[in-house]
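*Asks:* Structure in structure tokens, see below.
The values are calculated or read from the model by the stated rules, or taken from the named source; none is laboratory data. Because the structure is predicted, anything quoted here is derived from the model rather than measured. Virtual Cβ from ideal backbone geometry, glycine too; neighbours counted across all protein chains shown. For accessibility, only protein heavy atoms count, side chains too; no ligands or nucleic acids. Shrake-Rupley method; radii C 1.70, N 1.55, O 1.52, S 1.80 Å.
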Amino acid sequence: MSRRGLLASGGALGLGALLSACGSEEKSGKSGKAGKSGERTGSGPWSFKDDRGRTAKVDHAPKNIVAFVSTAAALHDYGVSCTGIFGPSKPVGGKPNPQAGDLDVDKLTSLGESFNQFSIEKYAALEPDLLISNMFPPPALWFVPADSAKKIESLAPTVGINGARASLLEPLKRYTELAESLGADLGTEKVRAAKARFDKAERTLRKAAKANRGLKVLAMTGDDDQFYVAVPDSYCDLNYFKDLGVEFVEGKKSDDWGFWEFLSWENADKYHADLIMIDNRSSALQPKDLAKKPTWKLLPAVKAGQTVPWSMEERYSYAGYAPVLEQLAAAIEKSKRLT
């Protein structure tokens, strides 16, 4: 897939209620309870029904877990460790890759940084018990090359969690369930504090959106050739932010994927926006690169300094998204309507 193709594809429960839901008989089976360290202690069979409706099964508690980088970061927040990762993990501009969360990526085996760089040889050498990734949308596993998917899936069971055309609350809940099934202790102070911070951030963002009604927010990404305007309902985070009252510029679907409206840079001013959310992934143009585009510098929000990073592939954990909500709320509070 080309760089352009890569760019173009892709109210909360209380913690008590969530823990209860995760512990119900209706959720997928788990291998045993975890200690305070988060290490898996069970040794019996393990299974989990993913968002494709497929049930991954292992006859023991999965130990060698390989995951897309932000997936591994989400599991890490619950105390579940992976042995291998795939997807962008190298530092960006001397800073940790935003998709890696709190992972120490130097201690993990990387199977490839870019799309279609998944090393099957390295993967097999890890003797994987399980592979986990997101889906945008199902059934394809994100960053698992289509032409080698069958070979990869023959080496270990796979789990896919949907991150498209749903509320953010869905993948957050599903990753909590998945982490618990893998032995995470949801009762730790760290996990509960992260959920409490998320709940507070949700209230803050809702309040900011209400106090700034009429403020138009545009989420975008860009490459050398085009300016991409997000279709908010296709992204679980933007979908959720809309539920909290944030008013988005609604991009029109430009292809069957339905995630973006493609505009030439000459038409980057098609929509008025008071605040622009800029894709923070290493595959997208960053502010210093965008500044080289003449039409970018003329956008009212850019001229007013009303931009904010968009964590488009943030890890699906409450620890990951609490700062995202806080940052967006602060940006909305500081921004002014420019019309």
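*Asks:* Do you know which residues across segment 112-164 are under 20 Å from the mean Cα position of the chain (by Cα) and at positive phi?
*Replies:* Once the filter is applied, which keeps residues that are under 20 Å from the mean Cα position of the chain (by Cα) and at positive phi, segment 112-164 yields 112, 116, 143.
*Asks:* For the subset of segment 141-158 comprising residues that are of a type in the set (A, V, I, L, M) and over 15 Å from residue 86 (Cα atoms), which member is surrounded by the most Cβ atoms within 10 Å (Cβ to Cβ)?
*Replies:* Of all residues in segment 141-158, those of a type in the set (A, V, I, L, M) come to 141, 144, 146, 149, 152, 155-156.
So of that shortlist, the ones also over 15 Å from residue 86 (Cα atoms) come out as 155-156.
Values: 155: 15, 156: 20.
The residue in question is 156.
*Asks:* Sticking with this one: Considering only residues of segment 108-132 that are of a type in the set (Gly, Ala, Ser) and in a loop (DSSP other than H, G, I, E, B), which is most open to solvent (accessible area, probe 1.4 Å)?
*Replies:* Step by step, filter segment 108-132, then rank; the result is 114.
*Asks:* Could you please give the count of residues in segment 44-88 that are surrounded by fewer than 24 Cβ atoms within 10 Å (Cβ to Cβ), farther than 14 Å from residue 181 by Cα and of a type in the set (S, T, N, Q)?
*Replies:* Qualifying residue count, segment 44-88: 2.
*Asks:* Residue check: is residue 223 buried (at least 17 other Cβ atoms within 10 Å of the Cβ) and either of a type in the set (Asp, Glu) or under 20 Å from the mean Cα position of the chain (by Cα) (or both)? Break it down stepwise before answering.
*Replies:* Numbers: buried (at least 17 other Cβ atoms within 10 Å of the Cβ): yes; either of a type in the set (Asp, Glu) or under 20 Å from the mean Cα position of the chain (by Cα) (or both): yes.
Considered against the rule, which asks whether it is buried (at least 17 other Cβ atoms within 10 Å of the Cβ) and either of a type in the set (Asp, Glu) or under 20 Å from the mean Cα position of the chain (by Cα) (or both), residue 223 comes out as yes.
*Asks:* Right, here's the next one. In segment 256-277, how many residues are part of a helix (DSSP H, G or I) and modelled with pLDDT under 95?
*Replies:* Selection size over segment 256-277: 0.
*Asks:* Out of the residues in segment 74-107 that are of a type in the set (A, V, I, L, M), out of contact with any Phe, Trp or Tyr (no Cβ under 9 Å at 6 or more places or on another chain) and not in a loop (DSSP other than H, G, I, E, B), which is nearest to residue 174 (Cα to Cα)?
*Replies:* 100
*Asks:* Something else now. Which members of segment 204-247 meet the condition of being touching a Ser or Thr at 6+ places or on another chain (Cβ under 8 Å) and not in a helix (DSSP H, G or I)?
*Replies:* We begin by selecting, within segment 204-247, every residue touching a Ser or Thr at 6+ places or on another chain (Cβ under 8 Å); these are 212, 215, 225-228, 230, 236-237, 239-240, 243.
Across segment 204-247, the qualifying residues are 212, 215, 225, 226, 227, 228, 230.
*Asks:* A further question on this structure: Determine which member of the set 194, 201, 209 is in contact with a Gly (Cβ under 7 Å, 6 or more places away or on another chain) and either surrounded by fewer than 23 Cβ atoms within 10 Å (Cβ to Cβ) or basic (Lys, Arg) (or both). Even if it seems obvious, please write down each step before you answer.
*Replies:* Values: 194 fails: in contact with a Gly (Cβ under 7 Å, 6 or more places away or on another chain); 201 fails: in contact with a Gly (Cβ under 7 Å, 6 or more places away or on another chain).
Answer to the check: 209.
*Asks:* While we're here: When residue 253 is evaluated against the numbered criteria (1) open to solvent by less than 60 Å² (accessible area, probe 1.4 Å); (2) assigned to a loop (DSSP other than H, G, I, E, B), which criterion, by number, is the only one it fails?
*Replies:* (1)
*Asks:* Now for a separate question. Go through segment 159-173 and give me each residue that's part of a helix (DSSP H, G or I) and buried (at least 22 other Cβ atoms within 10 Å of the Cβ). Step through it out loud before you land on a result.
*Replies:* If we filter segment 159-173 for residues that are part of a helix (DSSP H, G or I), which is where we start, we get 169-173.
Selection gives 171, 172.
*Asks:* Going by the structure shown, is residue 179 out of contact with any Asp or Glu (no Cβ under 6 Å at 6 or more places or on another chain), in a loop (DSSP other than H, G, I, E, B) and buried (at least 23 other Cβ atoms within 10 Å of the Cβ)? Show your work before the answer.
*Replies:* On the way: out of contact with any Asp or Glu (no Cβ under 6 Å at 6 or more places or on another chain): yes; in a loop (DSSP other than H, G, I, E, B): no; buried (at least 23 other Cβ atoms within 10 Å of the Cβ): yes.
So residue 179 fails the test.
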